[in-house]
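Worksheet: the structure to be examined is printed underneath.
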Amino acid sequence: MKKTFIPTALLLAAILLNSCGEEKKEAVPFDTAPVIETFDLKKEKLSSEISLPAELSGFRQVDLYAKVASYVKELKVDIGSQVTEGQLLIQLEAPEISSQLAAAQSRLHSLEAVYTGSNANYNRFLETSKVEGTISKNDLDQALARKSSDYAQLQAARAAVREIQVNQSYLQIRAPFTGIVTARNVNTGAYVGPSGKGSDLPLLTVQDQKKLRLAVSVPEMYTGYLKNGDEIGFNVRSLPNDNFKAKIQRMSGALDLRLRSERVEMDVINNDNKLLPGMVAEVLLPLKAQDSTFVVPKSAVINTSEGVFVIRVKDNKTQRVEVKKGRETAESVEIFGALDANDKLVKAASEELKDGTKI
């Protein structure tokens, strides 16, 4: 019995030792190279949008001043008054203008009488001179000269009267267009004039609020993506639940030398008066590319102190290619550089990948 038991025990021990050796062999890890994911470079049209601050202002706005020195006799409107074109807003008073007008009209009537007499005298001389030998040519010429002189003085008097009448019309300040009074800086009895303390501030400010002007300064790098007629969306903080739309109507065509940006204006119809001049709006400008460009994931672009690069794979070796970035979205970015379509680029680029690295 012992002769058969000992070999069996040894066999079991040997099997156990062999299995333990196999487990240790499977636990030994193998060194594996990191996997570098690449993609083929392709062109596409990238559509994006940028958010910029803008300002709303009245489509038409005018500050009204006094043309002549006078006093405010009657103030017919106040802040918030709706006015129509030609409506009388302020009646001014200047007694000296009335006196000047009366004097000018008296002189006009006097010169009209003088001209009537000289004209009639010339006409009599002219008729009489038709009979030969009755009136000398010198007398006829003198009558004509007197008539012409009196007529010139009459015309000057008429011009003086019209001038004073025009100045008198300045005493009535009327609305230049339909709108709303947004500012008032005078009261009844106040002295106003073309110079001095009375002209520091405008008497009234009138705005047309049925149509507003939305102006935005677009940075230089985005100006090429916009054109007249493009529809844009915007909103204001005071109305967070409302979205408004407008179309580009005017582009300045030049860059502001300080901001290096182009002024772009949109017209906003405001019949419901929800929007007010002076509001700050947030404008979403669509940037639609006209031509296809190279678009890559943001992870494929490296920003270093030496520049901006992507990593191209050629003959299983890495090459750094310097590029310039264009527009960006949440995940993609335009790039411009010495690249060709179908080039293989590293999708997750890293500064650790140097030129010539085998992958």
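Loop-located GluC sites (Glu not before Pro) across segment 289-359 with a Cβ neighbour count of 15 or fewer within 10 Å are Glu306, Glu331, Glu351, Glu352, with loop assigned by DSSP. Candidate cross-link partners of Lys76 among the lysines, defined by an alpha-carbon separation under 26 Å and a same-chain spacing of 8 or more, comprise Lys67, Lys197, Lys210, Lys211. Averaging 1/r across all pairs of distinct Cα atoms in segment 50-131 and inverting the result yields a Kirkwood radius of 19.2 Å. Local charge for Asp208 was computed over the other residues whose Cβ lies under 14 Å away, with Lys and Arg +1 and Asp and Glu -1, and equals +1. Which part of segment 272-316 falls in the paramagnetic zone of Lys347, meaning amide N under 17 Å from the point 7 Å along Cα-to-beta-carbon? Under cut-off, by backbone N: 295-302, 311-313. Taking 7 Å along the Cα-to-C-beta vector as the label spot, tell me the Phe336-Ala102 distance in nanometres, rounded to one decimal. It is 7.7 nm. With bins 20 Å wide beginning at 0, the percent of Cα pairs of the chain falling in each bin runs 17, 24, 20, 17, 11, 6, 2, 1, 1, 0. Residues in segment 27-181 average 64 Å² of solvent-accessible surface per residue, probe 1.4 Å, ligands and nucleic acids excluded. Multiplying the residue separation of Asn228 and Asn241 by 0.36 nm and removing their Cα-Cα distance gives an extension gain of 1.9 nm. The residues packed around Asp139, meaning those with a beta-carbon under 12 Å from its beta-carbon, carry a net charge of +2 if Lys and Arg are +1 and Asp and Glu are -1.
Among Asn138, Asn119, Asn271, the residue with the largest mean-square fluctuation in a Gaussian network model of the chain, with springs joining Cα atoms closer than 10 Å, is Asn138.
Cα convex hull, segment 157-212: 124 Å³ per residue, rounded to a whole number. Asp343 sits among other residues whose Cβ lies under 12 Å from its own Cβ, and their net charge, with Lys and Arg +1 and Asp and Glu -1, is +3. Database remark: amide H of Ser81 closer than 5 angstrom to the amide H of Val181 (H placed geometrically; neighbours at sequence offset of 5 or more, or on other chains; Pro and chain starts carry no H).
Any aspartates and glutamates with Cα under 19 Å of the Lys137 Cα? List them, leaving off those in the same chain fewer than 8 positions away. Answer for Lys137, where 19 Å is the Cα cut-off: Glu127, listed by chain and number.
Within straight-line reach of Lys42, meaning a Cα separation under 29 Å, sit the following lysines at least 8 residues removed in sequence or on another chain: Lys227, Lys288, Lys298, Lys314, Lys317, Lys324, Lys325, Lys344, Lys347, Lys354, Lys358.
Once neighbouring chains are kept in place and the probe is 1.4 Å, which whole percent of the accessible area of the chain is contributed by carbon and sulfur? Exposed carbon and sulfur together represent 52 percent of the surface. Site pair Ser292 and Thr329 shows an inter-label distance of 1.6 nm when each label is modelled 7 Å from Cα along Cα→Cβ. Using only alpha-carbon positions in segment 101-219, the gyration tensor eigenvalues give semi-axes of 57, 19, 12 Å once each is multiplied by 5 and square-rooted (largest first). For a test of the definition: using alpha carbon positions, the gyration tensor, and the 1.5 limit on a/c, classify segment 22-162 as rounded, prolate or oblate. It comes out prolate by the Cα gyration axes.
The values are calculated or read from the model by the stated rules, or taken from the named source; none is laboratory data. Quantities reported herein were computed from a predicted structural model and do not represent experimental measurements. Because the Cβ atoms are built from the backbone with ideal geometry, glycine has one as well, and the counts that use them run over all protein chains shown. Areas reflect the complete protein model, heavy atoms only, side chains present, ligands, DNA and RNA absent. Shrake-Rupley method; radii C 1.70, N 1.55, O 1.52, S 1.80 Å.
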